[in-house]
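Structure, as structure tokens:
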Amino acid sequence: MSQIFLKEIEVVKTKVINLSTLVEENLYRAVSSVESKSSSLALEVIEKDKAIDAEETRLEEEILKVLALHQPLATDLRYLITILKVNDELERIGDLAVNVAERTQALVEVKSIEMPFDFNTMSQRVCEMLKKSIDALVHLNRDRAVEVFSLDDEVDEIHSNMYKLFKAGIVENIDDLDALSNYLSISKHLERIADHAENIAEDILYLID
């Protein structure tokens with residue numbers, strides 16, 4: 001294995017860690033924007049997504065360059081293909097964080113209501129899932145990847161309950177429809193982020209096993 005190839009693999013590792021960090025930080029920002037109903041923080045999430053998109057593109061280009069120049073086999077090929085898939089999942093999570101932030105902006109403009117679902121628990125579990133999947137990726141840690149799946153049931157349950165709360169809420173007071181719709185969307189976006197974190201964990205298990 002050439003020293004050039006090894007150096008380029010290290011570049012890929014560094015870039016995927018950088019991208020993961022950007023995505024994780026922006027998800028925390030999006031969650032905080034909902035908690036504080038901060039339009040300025042939501043706007044920051046949207047602006048930061050440009051850097052995420054740029055980093056995602058650079059990582060993809062780097063992987064494709066390594067594949068084309070070195071035509072790796074076996075473990076190295078599986079690693080690069082896995083990172084290519086993880087790159088796509090991280091980019092989607094970044095987009096969903098933007099969607100959450102956009103719902104924050106919408107909430108500022110409509111009648112204010114009390115948070116109708118267990119947002120704190122749901123957002124904490126989703127952030128934890130993403131963190132564990134990233135840790136599993138960085139350290140190729142099978143146990144950490146498996147831990148991601150155990151958190152998803154709680155996220156799904158909270159999201160499912162949000163549908164019931166939405167229906168009950170609009171029956172009780174139709175004037176709350178706009179706010180309830182935004183909270184339902186936030187719940188859906190968080191549930192999808194959890195799904196993408198699971199996908200990353202599955203990719204890591206495939207690579208390890």
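The values are calculated or read from the model by the stated rules, or taken from the named source; none is laboratory data. Given the structure is predicted, the values throughout are model-derived calculations rather than measurements. Cβ sites come from the backbone with ideal geometry, for glycine too, and all protein chains shown count toward neighbours. With ligands, DNA and RNA removed, areas are computed over all heavy atoms of the protein, side chains included. Shrake-Rupley method; radii C 1.70, N 1.55, O 1.52, S 1.80 Å.
Quickly run through the range 164-203 and pick out the residues that are β-branched (Val, Ile, Thr), surrounded by fewer than 17 Cβ atoms within 10 Å (Cβ to Cβ) and out of contact with any Asp or Glu (no Cβ under 9 Å at 6 or more places or on another chain).
As a first pass, look at the range 164-203 and keep what is β-branched (Val, Ile, Thr): 170-171, 174, 186, 193, 200.
Still in the running and surrounded by fewer than 17 Cβ atoms within 10 Å (Cβ to Cβ): 170-171, 174.
Those that are β-branched (Val, Ile, Thr), surrounded by fewer than 17 Cβ atoms within 10 Å (Cβ to Cβ) and out of contact with any Asp or Glu (no Cβ under 9 Å at 6 or more places or on another chain): Val171, Ile174.
For the range 112-157, which residues satisfy the criterion of being more than 15 Å from Tyr183 (Cβ to Cβ), polar (S, T, N, Q) and either open to solvent by 50 Å² or more (accessible area, probe 1.4 Å) or in contact with a strand residue (DSSP E or B) (Cβ under 8 Å, 6 or more places away or on another chain) (or both)?
Gln124, Asn141, Ser150
Could you list all residues from the range 1-40 that are in contact with a Leu (Cβ under 8 Å, 6 or more places away or on another chain) and small (Gly, Ala, Ser)?
Ser20, Ser32, Ser33, listed by residue number.
Just to be sure I understand the filter: pairs with C-beta atoms under 6 Å, separated by 6 or more residues or on different chains, first member in the range 62-78 and closer than 13 Å to Ser2 by Cα and among the hydrophobic types (A, V, I, L, M, F, W, C), second member open to solvent by less than 40 Å² (accessible area, probe 1.4 Å) and at pLDDT 90 or above. Which pairs pass?
Val66/Glu8
For Glu114, all conditions in the list (1) touching a residue at least 40 places away in the same chain (Cβ under 8 Å); (2) in a loop (DSSP other than H, G, I, E, B); (3) of a type outside the set (Gly, Ala, Ser) hold save one; what is the number of the exception?
All conditions pass for Glu114, except number (1).
When you scan the range 164-176, do you find a residue that is more than 19 Å from Asn99 (Cα to Cα) and not in a helix (DSSP H, G or I), even just one?
Among the residues of the range 164-176, at least one is more than 19 Å from Asn99 (Cα to Cα) and not in a helix (DSSP H, G or I), which makes the answer yes.
If a residue has to be farther than 18 Å from Tyr206 by Cβ and at pLDDT 95 or above to count, how many in the range 121-150 make the cut? Steps first, please.
The initial filter retains those residues of the range 121-150 that are farther than 18 Å from Tyr206 by Cβ, namely 121-128, 130-131, 150.
Next cut, at pLDDT 95 or above only: 121-128, 130-131.
Residues that pass the stated criteria total 10.
Going by the conditions given, is Val31 assigned to a helix (DSSP H, G or I), touching a Ser or Thr at 6+ places or on another chain (Cβ under 6 Å) and open to solvent by less than 50 Å² (accessible area, probe 1.4 Å)? Steps first, please.
Values: assigned to a helix (DSSP H, G or I): yes; touching a Ser or Thr at 6+ places or on another chain (Cβ under 6 Å): yes; open to solvent by less than 50 Å² (accessible area, probe 1.4 Å): yes.
Yes; evaluated as a whole, the condition is true for this residue.
Any chance you could count how many residues in the range 35-61 are crowded, with 18+ Cβ neighbours inside 10 Å and without any contact (Cβ under 8 Å) to a residue 24 or more places away in the chain?
Qualifying residue count for the region: 0.
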